[in-house]
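Engineer: Next up is a structure, given as C-alpha cells.
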Amino acid sequence: SKADGRGKLKVFDADMLLARQLRNQLVGELKEAIAGSQLVLYYQPIIRLDTRGIEGVEALVRWNHPTRGMIMPDEFIPIAEETGMISDLGGWVLRTAVEQLQRWRSDPLTGRHDFNMRINVSAADLQRLEFVEDVREALTSAGLDPSLLVLELTESAVIQGNDLDRYTLNSLRRLGIEMEIDDFGTGYSSIDYLRRLPVHAVKVDRTLLSALGSDPAQPALLAAVLQLIRACGLGAVWEGIETAEQADFLLSIGCTSGQGYYFSRPLPEAQLTEQLKHHKTW
Ligand code: C2E
Ligand code: CA
Ligand code: CA
Ligand code: CA
C-alpha cells in the first residue's frame, strides 16, 4: 500500500542521513588518524607455490579507531581519495612498509628469507607530480634497494591513465621499481594495455579463482588467462587462494606465485615476524 511505501521511504531517508553523518564524522577523524598513530599495516605473504617459500608481502592498511574498533580499507580508502587525504595516507603507508622491510632484512632471523614489499597505490597518487620523488626518498632514507619494492596499481587507475600517469609509470620503472596490475579480470582487461604498460606482472583477481568449484569451464579459462599473461611477457600472481585444491590446481597449470587465506591471512607486524623466525615454508 501507499502507506507502506511512504514508511519505507522514511526509513531509507533516515539511513541516508545516518550514513552521511557517519561519513562526515569519519572525514574529520581520518585526518587525526593519519596525523596520529591510528593507522596500522597488516602484511600478507605472497608464496612461491612450488617451494612454498615466501617471495613477498603485501602491505594492507587498517584504521585502528579508538572507539569504532578496526576499520577495513574499503570503508575509508574511498573517503581518503575523495577528500585528498590519500596522498598523506599513501605517503605513510609507503614509508612504513619500506622501513619495515628493511628491519626484516637486517635481522638475521627474519633476513634469511628473501622477499620484497608490495604496496597498493591509488590512482590519485599517479596524478601527483611529487609521487616519484616521494618513492625515491622513502627508499633512500630506509636504505632499501628499489628492486625490493613492487607497486600494485588497479586496472582502472592505469587504463584511464593520461600522459602524466604514463610519465610517472616510466619514471618509476627507471628507478628500478617493479609494478603490477592488481585486480586483473574485474575491469576492462585488454591485451592491448597489457602489452603497452611498463609493468612486470599481473595479479589476477580472486573472483576468477572462486568460481573454480562451480563452473566446469573455469579450469580451462584460468589456464587460458595464465597463457595470455605469459604471452604478454608478464609474470602472474594469483590472489584469494583459500584451499589446498586451489593451490594444487594453480601449480598444475604452471602458476608459481600466489597469496590467500590458505597460506596466511594478513598479519600484524609482530605475528609475521614470529612466522618468519620459525617457518621456512608456508
Ligand atoms: P586488494 O589490493 O585487492 O587486496 C586484497 C584483499 O583481499 C585484502 O583485503 C585481503 O585481506 C583480501 N584477501 C587476501 N587473501 C584472501 C583470500 O584468500 N580470500 C578472501 N576472500 N580475501 C582475501 P583488505 O585488506 O580488506 O583490502 C581491501 C582493499 O583495500 C585492497 O584490495 C586495496 O585495494 C585497498 N587497500 C588496502 N591497503 C591499501 C593501501 O595502503 N593503499 C591503498 N590505496 N589501497 C589499499
Ligand atoms: Ca593489492
Ligand atoms: Ca587484488
Ligand atoms: Ca581490490
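The values are calculated or read from the model by the stated rules, or taken from the named source; none is laboratory data. Please read these numbers as outputs of a predicted model, since none were measured by experiment. Note that we place each Cβ from the backbone using ideal geometry, even for glycine, and neighbour counts take in every protein chain shown. Ligands, DNA and RNA are stripped out before the accessible areas are found, and what is left, the full protein with its side chains, is counted by its heavy atoms. Shrake-Rupley method; radii C 1.70, N 1.55, O 1.52, S 1.80 Å.
Engineer: Between beta-carbons, use under 12 Å as the cut-off and find the net charge around PRO268, counting Lys and Arg +1, Asp and Glu -1.
Structural biologist: 0
Engineer: Can you pull out the trypsin sites (Lys or Arg not before Pro) in segment 103-176 whose DSSP state is coil and whose Cβ has at most 15 other Cβ atoms within 10 Å?
Structural biologist: ARG112
Engineer: Right, here's the next one. Take the alpha carbon atoms of segment 25-74, find their center, do the same for segment 115-133, and report the distance between the two centers in whole angstrom.
Structural biologist: If we compute the Cα centre of each part, the gap is 16 Å.
Engineer: A further question follows. If ILE177, ILE34 are ordered by their accessible area, calculated over protein heavy atoms with a 1.4 Å probe, which sequence runs from highest to lowest?
Structural biologist: Correct descending sequence by accessible area is ILE34, ILE177.
Engineer: Once you sort the root eigenvalues of the Cα gyration tensor of segment 64-170 as a ≥ b ≥ c, which label holds: rounded (a/c under 1.5), prolate (a/b larger than b/c) or oblate (the other case)?
Structural biologist: Oblate, since a/c reaches 1.5 and b/c is not below a/b.
Engineer: Okay, moving on. Just the number, please: carbon plus sulfur as a percent of the accessible area of the chain, 1.4 Å probe, no ligands or DNA/RNA counted.
Structural biologist: 52
Engineer: Another question, then. Please compute the net charge surrounding HIS279, taking Lys and Arg as +1 and Asp and Glu as -1 over other residues with Cβ under 13 Å from its Cβ.
Structural biologist: Neighbourhood net charge equals +3.
Engineer: State which helices in the chain qualify, where a helix is a whole DSSP H run, it must extend 20 Å or more along its own axis by its Cα atoms, and its mean Kyte-Doolittle hydropathy must be at least 0.0.
Structural biologist: Counting only whole DSSP H runs, no helix qualifies.
Engineer: Let me ask something else. Given a 1.4 Å probe, how much area per residue of the chain is accessible, in Å²?
Structural biologist: Per residue, the chain has 51 Å² of solvent-accessible surface.
Engineer: On to the next question. Could you give the Stokes-Einstein D for segment 138-282 in µm² per second, using the C-alpha Kirkwood radius, 37 °C, 0.692 mPa s?
Structural biologist: After rounding, the answer is 195 µm²/s.
Engineer: In what sequence, largest accessible area first, do ARG48, ARG206 appear using a 1.4 Å probe?
Structural biologist: ARG206, ARG48
Engineer: Restricting to Cα pairs below 8 Å that are 6+ residues apart, what does the relative contact order work out to for the chain? Please round to a whole percent.
Structural biologist: Value for the chain: 19 percent.
Engineer: What nm value, rounded to one decimal, do you get for the distance between ALA211 and GLU274 when each label is placed 7 Å out toward the C-beta?
Structural biologist: For ALA211 paired with GLU274, the spin-label model returns 3.9 nm.
Engineer: I need the shape label for the chain. Rule: rounded when a/c is under 1.5, else prolate if a/b > b/c, else oblate, with a, b, c from the alpha carbon gyration tensor.
Structural biologist: Since a/c stays below 1.5, the shape of the chain is classed as rounded.
Engineer: Using a simple spin-label model with points 7 Å from Cα along the Cα→Cβ vector, what separation in nm is obtained for GLU242 and LEU109?
Structural biologist: That separation, rounded to one decimal, is 3.4 nm.
Engineer: Which net charge results for the neighbourhood of LEU22, defined as the other residues with beta-carbon distances under 14 angstrom from its beta-carbon, given Lys and Arg at +1 and Asp and Glu at -1?
Structural biologist: Residues close to LEU22 contribute a combined charge of 0.
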